Every structure is written in C-alpha cells, then in structure tokens.
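Take a look at the structure set out below.
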Amino acid sequence: MSRLSTRHLLGLEGAPRQDIEMILDTAVTFREVIERRIKKVPTLRGITVLNLFYEPSTRTRISFELAEKRLSADTVNFSASTSSVKKGESLRDTVQNIEAMKIDMTVVRHGSSGAPYFLTQCMDTNIINAGDGCHEHPTQALLDMFTIRRKYGKLDGLRVVLIGDVKHSRVIRSNIWGLKTMGASVALCGPSTLMPYEVEQFGCDVYTNLDEALDGADVVNVMRIQAERQQAGLFPSRREFSALFGVNRERLKRLNKNYTIMHPGPINRGVELASDVADGKSSVILDQVTNGQAVRMAVLYLLSDREERETE
C-alpha cells in the first residue's frame, strides 16, 4: 500500500501533487465500491474513528460516517452541544479523555482556524480536517477536484472560477491550493468587501465583475454566503448580491460549451445560484455529494496505517 507524505490531512496548502493524485486515484476504486449492491469492504475493520464535530454539519458529517462504515471501521460520534464542553471542558481535555478510550483516527470540524493542527500536538491519532474556521476544508476541495477530473479526464489547463465569499470560505482556500497544484487556472470573483486583504497573494485572477470572470470558464464553483462568519454590512442585501454575483441562465452564455456548475452546499437558491441552473443538465452538485464518500474513503484508507497495525 502506498503512503501519503504525512500522517494527517490538515489542508492542501503545500500538499505535494503526488499526494493529491494518490488520493484522487484511490478514490476511483472506492467510487466503484459505493455503486455495488453491497457497499461495504473490510478494509478498516478493527479501527475506531472519532467524528469530532464542534460545528453543525449535514453533508460532511454523514459523508464521513458512511465512508467509515463502508470501510468497516467502528465510529464514535461527538457533538459539542451534548457533551462536557457545555460544562466548561477544554478541547485538549476533551480529546485526551476520548483518546484514552483507544481511538485510532480523528475527523474534526471546529470553528477555530488551526484547531486540527492543535490536535496533532495533543493526540497520537491521525487527524483529518473536516473544516476549521475560515482556514481550510481539504476533503471538500478534493471531492471537487475528483468530480472535475471525472468529467474532463484532467485538471491541468482547465479554467475554474470560484465565486462568492472569498474572505470567509475555507472551501475556496482549499480549492485554490489544490487546483493550482494540479495545474488548473483559478479565478476568484466576489464583492470587494468579501475579498481578503492582499488577495493577490493567492496567485489567482481576481474579479469583482462576474460577467468578466465567467468569460471562457470551464468550471464554475459557486460558494454559499457565509452569513454566520460575516460582520454585518459587507453587502447591502441578498437581492443586490444576487443581481451582481448570482449565477443565472443568462450568464451561462459566457462559459465554454462543455461547462460545469458546482456548489458545495447548502445552496441559497435564488441568491448565489438560480434554481434552474442548480438543477440543470450541466450541474454536478449531487455528483459532488456522491463523490465525497469515495474521496473520504480514500483519505481514511491512505492515512489508516493499516499495514503497520496488522504487523504489530
């Protein structure tokens, strides 16, 4: 079994191209598994995975849980709202107490940027970042790249436009690093108030005019407005945001012929994305959800230290 260059998946910034390719290639096999009548393999039997979620989640949490169960791992689900965190317990004490119950891998979502890295300093398990603050969401970007590659057969040379709340979106950040590493051309588009300071340091084309950004694009990945992370007043209203930055059918004329529409969900229909575009024939939004299981199965498998455990 081939190995990634690290025992954790904390983000895609600085991740070697070889690691990304290995994950995407491995996901191809697991994509076949989840299409079978019996969607289960014994790959991670005997391994216990902790799902440590300090933030609400639907798609990511269920996707990881299904990925773990389909690999035959044992799962433990943690929710901050029903835990000793409500009694004042610190993150360090929480995870060290759970790890003392012999956990092998930890999937973590946390509102603070850097929380997954912090866990590597106080836990011995493999850590997988399922979203940390406004920092990164690596498995979402990996499933996005897997979905694009599955359609076009490549990532290199494609023009991908990431639209929306660039300042607060961890999905955009992970997509930037991953897509650029894999040779895609990346453009960012959104209101100037939703652009991070010194956005040009990302090394992407930056637009505040959506029509200009969409010219000649192959893939349009539309992001949700991160209302829960924003300060008030960053844009006048949802109606104005939709008028200036919403992707509708009229704007699709600017894209390349074989274009693709993506969205990580949940969708604010009629705001960042029109319903007829989200449900159109060029939309791969539901494919992203399906592919997410395959990608997360691949990440769990490649980080599992399976061979080492079997020889102990």
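Some points to look at:
- The lone criterion from (1) outside the structural domain of Cys189 (by TED's automatic domain parsing); (2) out of contact with any strand residue (DSSP E or B) (no Cβ under 7 Å at 6 or more places or on another chain) left unmet by Asn258 is number (1).
- Filtered residues of the range 277-289 (kept if over 22 Å from Pro56 (Cβ atoms) and assigned to a helix (DSSP H, G or I)): Val277, Asp287
- Restricting Ser185, Ser192 to residues that are at pLDDT below 95, in the same structural domain as Ala274 (by TED's automatic domain parsing), small (Gly, Ala, Ser) and over 23 Å from Lys281 (Cα atoms) narrows the list to Ser192.
- For the range 17-48, the tally of residues that are assigned to a loop (DSSP other than H, G, I, E, B) and touching a residue at least 24 places away in the same chain (Cβ under 8 Å) stands at 10.
- Residue in the range 79-89 that is among the polar types (S, T, N, Q), more than 22 Å from Ser174 (Cα to Cα) and in contact with a helix residue (DSSP H, G or I) (Cβ under 6 Å, 6 or more places away or on another chain) present: no
- Total residues in the range 243-264 satisfying the condition of being crowded, with 18+ Cβ neighbours inside 10 Å and among the small types (Gly, Ala, Ser): the figure is 1.
- Flag if Leu214 is in contact with a Leu (Cβ under 7 Å, 6 or more places away or on another chain), modelled with pLDDT under 90 and either farther than 30 Å from Asp104 by Cβ or not hydrophobic (A, V, I, L, M, F, W, C) (or both): no
- Note on the range 106-145: among residues that are in contact with a Leu (Cβ under 9 Å, 6 or more places away or on another chain) and of a type in the set (S, T, N, Q), the one that is nearest to Arg173 (Cα to Cα) is Thr139.
The values are calculated or read from the model by the stated rules, or taken from the named source; none is laboratory data. Because the structure is a prediction, the values reported are computed rather than measured. Don't worry about glycine lacking a Cβ; one is built from the backbone with ideal geometry, like all the others, and counts go over all protein chains shown.
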